[in-house]
Every structure is written in structure tokens, then in C-alpha cells.
Amino acid sequence: MKAIVIREPGGPEVLELREVADPEVHDGEVLIKIAAAGVNRADTSQRKGQYPPPPGAPVYLGLECSGVIEAVGSGVENWKVGDEVCALLTGGGYAEKVAVSAGQLLPIPKGISLQDAASLSEAACTVWSTIFMTSHLSFGESLLIHGGTSGIGTFAIQIAKYIGAKVFTTAGSDESLLECSKLGADVTINYKKEDFVARVKDETNDKDVILDIIGASYFQRNLDSLSLGGRLFIIGFQTGLTGQFNLGPLLVKRLTVSAAGLRSRSTENKAQIVAEVLANVWPAIEEGKVKPIIYKSLPLENAAEAHHLIEGNHLGKILLIP
């Protein structure tokens with residue numbers, strides 16, 4: 001099969017399309033002929049040598065895909081050859097085929113094309129496991145999303161509105177904020193023009209939950225923005241890992257700070273998240289309340305261009321098509 005290989009750690013130009021061996025299918029796995037693969041920020045970190053795949057994971061980039069099951073390993077009961085699926089991957093999506101645990105498969109939601117469904121798994125599983133399974137965002141609460149135009153951000157806005165939360169989001173341009181508003185964001189904040197902490201306080205209600213991709217430079221301000229019993233969930237460190245902080249608000253306001261990724265979780269934990277996404281998120285998609293937001297679809301060989309795009313300004317997801 002063909003797959004994108006990282007020639008050496010570096011910029012997007014190190015990504016090359018090569019012939020590689022087909023994946024082996026082990027017990028409990030299926031082999032997917034890939035229709036499309038989602039591009040994620042984590043892929044750019046792996047390309048730079050900063051996010052190596054876990055032991056046993058495919059060495060190729062790609063944390064989500066859609067496609068058709070081509071083979072089924074021993075012990076797989078609920079899926080068969082020919083089924084159309086989307087999948088949460090530990091790696092290997094930038095290729096023509098990938099093997100994945102059957103517990104990480106989802107059916108294609110009604111009304112969504114096979115290709116567009118490649119944009120759903122990583123965002124849905126990230127958002128549901130962080131905001132809902134861990135931080136327990138509920139009806140009537142408020143959510144602040146940093147980076148509202150990202151794949152995660154566009155998905156989080158929609159599903160939070162679906163469950164009845166008030167949504168605040170930050171972005172770096174008025175045009176981006178307008179797009180966030182169209183997706184359902186109630187309050188949009190241009191972080192280049194105003195202090196999001198002050199804006200949050202101007203809106204009278206502190207935030208109950210914050211989903212953050214920024215990291216160190218926002219940590220103190222996130223703590224200052226949270227209400228009594230508020231929850232901060234960190235899924236990215238775009239501005240670094242370290243800093244100097246006043247941790248007083250943690251004690252005074254009884255705050256909870258959590259951080260986690262999906263990739264290194266056990267197959268059992270991923271299967272649990274996938275099952276909850278199927279039960280709670282897929283109905284919202286099939287009702288048309290949550291939609292895949294596709295910025296651009298590119299041929300697999302144009303993976304370098306896809307990485308340039310995701311590291312710049314974009315709205316929603318970028319897909320690669322084998």
C-alpha cells in the first residue's frame with residue numbers, strides 16, 4: 001500500500017508518499033480500506049519528532065479515518081467485511097489501509113458521506129471524553145472554548161449547544177468569530193483585541209468549564225475565569241508547558257484541573273469512549289444538530305500542504321484522500 005512517511009523530523013516538506021507493507025490484522029482487529037483520513041494538530045507534533053507513537057502503534061501519521069472493512073480478525077463479532085465505518089486510530093491514517101481494534105469503530109452516521117465521516121472520530125471522542133465524561137458539562141452551564149475554529153473547537157461549540165450549555169469561544173480574527181457564531185457560540189472573543197478574562201466577567205457569569213489548547217500562557221487566566229467548582233481541561237500546549245502561577249484560586253474556588261490525550265489510552269478505555277460517543281453524540285449528528293465542518297480535502301500525496309494549512313488559519317477539519 002501507499003502511506004505518508006516522515007523522512008526525518010522537521011517541517012511539512014519531510015512528508016513523503018512511499019510504498020510500504022500492508023498492515024497485519026490481529027485478533028480483535030479489522031482492516032479498513034481508507035476512504036479519507038482526518039488531519040490533526042497532533043500529527044504536526046509527531047512530524048516534528050515531539051509526539052512519538054505509543055509502543056505497538058502504527059508508525060504512520062493519522063489519528064482518524066473512514067472507509068470500508070476489508071478483513072476481520074478473529075474474535076470480532078459486530079462488524080463484517082463491507083461495512084462502512086469511521087475509526088479512532090492510534091496511528092496509520094495517512095495510508096491506503098489501516099488495522100484498528102474493533103472497539104474503536106463507529107458506523108457512518110445517517111446523512112453523512114463516507115468521506116466526510118473521516119472528520120468525526122477524533123473530535124467527537126476528544127470533546128465527549130473531556131468536556132462531558134470528565135468535566136461533566138451539563139444543561140444550563142457555561143463553556144469557554146479556546147480556539148473555536150479548530151476541528152475540536154467547531155465540534156465542541158455544536159455539541160455543547162445541543163446539550164443546552166452557554167458557549168463562549170476565543171479566536172484570532174473577527175471573521176473567525178463570525179463563523180463560530182454561525183455554529184452557535186453565544187459570546188465570541190477576539191483574543192488579539194480584548195482580554196478574555198475581563199470579557200467573561202463582563203458577561204456576569206464566570207465559566208463552569210474551560211477547554212484549553214493553549215497551555216502555559218493561559219493557565220493563570222483560565223483559573224481566574226472559572227467559577228466556584230469550575231473545571232479546566234487542557235488538551236494542548238501550544239504556548240509551552242511551564243510557567244509561574246498563583247495556585248490560590250484552585251483552593252479558594254475549589255477548581256479541578258485535568259489534562260489527557262486519547263492516543264495513549266488503553267484499547268478498553270477507547271472502546272468505552274467510543275460507546276458513549278455512539279450513544280450520546282451520534283444522535284445529535286443524525287438529527288442535523290452537529291455537522292462535520294470540512295475546510296479542505298486534499299489527495300494523500302499532498303499531506304505537506306495539509307500540514308501547512310492546519311498550522312495556519314482554517315475553519316474545521318482538513319481531510320486527506322488516498
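The values are calculated or read from the model by the stated rules, or taken from the named source; none is laboratory data. Since the structure is predicted, the reported quantities are computational estimates derived from the model, not experimental observations. Cβ atoms come from the backbone with ideal geometry, glycine included; neighbour counts cover every protein chain shown. Surface areas here come from the heavy atoms of the whole protein model, side chains and all, with no ligands, DNA or RNA. Shrake-Rupley method; radii C 1.70, N 1.55, O 1.52, S 1.80 Å.
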Only one of (1) touching a strand residue (DSSP E or B) at 6+ places or on another chain (Cβ under 8 Å); (2) of a type in the set (A, V, I, L, M); (3) over 14 Å from A156 (Cβ atoms) is not met by I235, so which one is it?
-> (3)
Filtered residue count, segment 45-86, keeping only those that are touching a Phe, Trp or Tyr at 6+ places or on another chain (Cβ under 7 Å) and on the phi > 0 side of the Ramachandran plot = 1
Inspect all residues belonging to segment 115-125 and state whether any of them is modelled with pLDDT of 95 or more, under 17 Å from the mean Cα position of the chain (by Cα), open to solvent by 10 Å² or more (accessible area, probe 1.4 Å) and within 27 Å of E194 (Cβ to Cβ).
-> no
Looking at (1) open to solvent by less than 30 Å² (accessible area, probe 1.4 Å); (2) among the polar types (S, T, N, Q); (3) farther than 18 Å from A42 by Cα, which is the one condition that is false for S181?
-> (1)
If only one of A87, A35, A3 is in contact with a Gly (Cβ under 6 Å, 6 or more places away or on another chain) and modelled with pLDDT of 95 or more, which one is it?
-> A35
So, in segment 243-279, of the ones that are open to solvent by 60 Å² or more (accessible area, probe 1.4 Å) and of a type in the set (S, T, N, Q), which residue ends up nearest to A216 (Cα to Cα)?
-> Q244
Could you give me the residue pairs with C-beta distances under 6 Å whose first residue belongs to segment 192-204 and is within 12 Å of S225 (Cβ to Cβ), whose second residue is at pLDDT 85 or above wherever it lies, and which are 6+ apart or on separate chains?
-> F196/T170; F196/I189; V197/R221; V197/D224; V197/S225; R199/I189; V200/S225; E203/V187
Enumerate the pairs (first residue in segment 44-64 and within 26 Å of K33 (Cβ to Cβ) and outside any loop (DSSP other than H, G, I, E, B); second residue anywhere and polar (S, T, N, Q) and modelled with pLDDT of 95 or more) with beta-carbon separation below 7 Å, excluding pairs fewer than 6 apart on the same chain, so at least 6 apart or on different chains.
-> E64/S121
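Restricting the search to segment 284-308, which residues are touching a residue at least 24 places away in the same chain (Cβ under 8 Å) and either open to solvent by 10 Å² or more (accessible area, probe 1.4 Å) or among the hydroxyl-bearing types (S, T, Y) (or both)? Show your work before the answer.
Restricting attention to segment 284-308, the residues satisfying the condition of being touching a residue at least 24 places away in the same chain (Cβ under 8 Å) are 284-286, 288-294, 297, 300-301, 303-308.
E286, G288, K289, K291, P292, I293, I294, S297, E301, A304, E305, H308 - these are the residues of segment 284-308 that are touching a residue at least 24 places away in the same chain (Cβ under 8 Å) and either open to solvent by 10 Å² or more (accessible area, probe 1.4 Å) or among the hydroxyl-bearing types (S, T, Y) (or both).
Would you tally the residues in segment 130-149 being part of a loop (DSSP other than H, G, I, E, B) and open to solvent by 30 Å² or more (accessible area, probe 1.4 Å)?
So in segment 130-149, the residues part of a loop (DSSP other than H, G, I, E, B) come out as 135-141, 147-149.
Remaining after also requiring open to solvent by 30 Å² or more (accessible area, probe 1.4 Å): 136, 138-141.
Here the count works out to 5.
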Residues within segment 186-214 that are farther than 20 Å from G248 by Cβ, under 25 Å from the mean Cα position of the chain (by Cα) and not hydrophobic (A, V, I, L, M, F, W, C), tallied | 5
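Can you name the residue in segment 195-242 that is β-branched (V, I, T) and part of a strand (DSSP E or B) and, of all such residues, is surrounded by the fewest Cβ atoms within 10 Å (Cβ to Cβ)? Please lay out each step first, then the result.
Let us first name the residues in segment 195-242 that are β-branched (V, I, T), namely 197, 200, 204, 209-210, 213-214, 234-235, 239, 242.
Applying the additional criterion that residues be part of a strand (DSSP E or B) yields 209-210, 234.
Working: V209: 26, I210: 28, I234: 21.
Of everything passing the filter in segment 195-242, I234 is surrounded by the fewest Cβ atoms within 10 Å (Cβ to Cβ).
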For segment 94-112, state whether one or more residues are at pLDDT below 95, open to solvent by 10 Å² or more (accessible area, probe 1.4 Å) and not aliphatic (A, V, I, L, M).
-> no
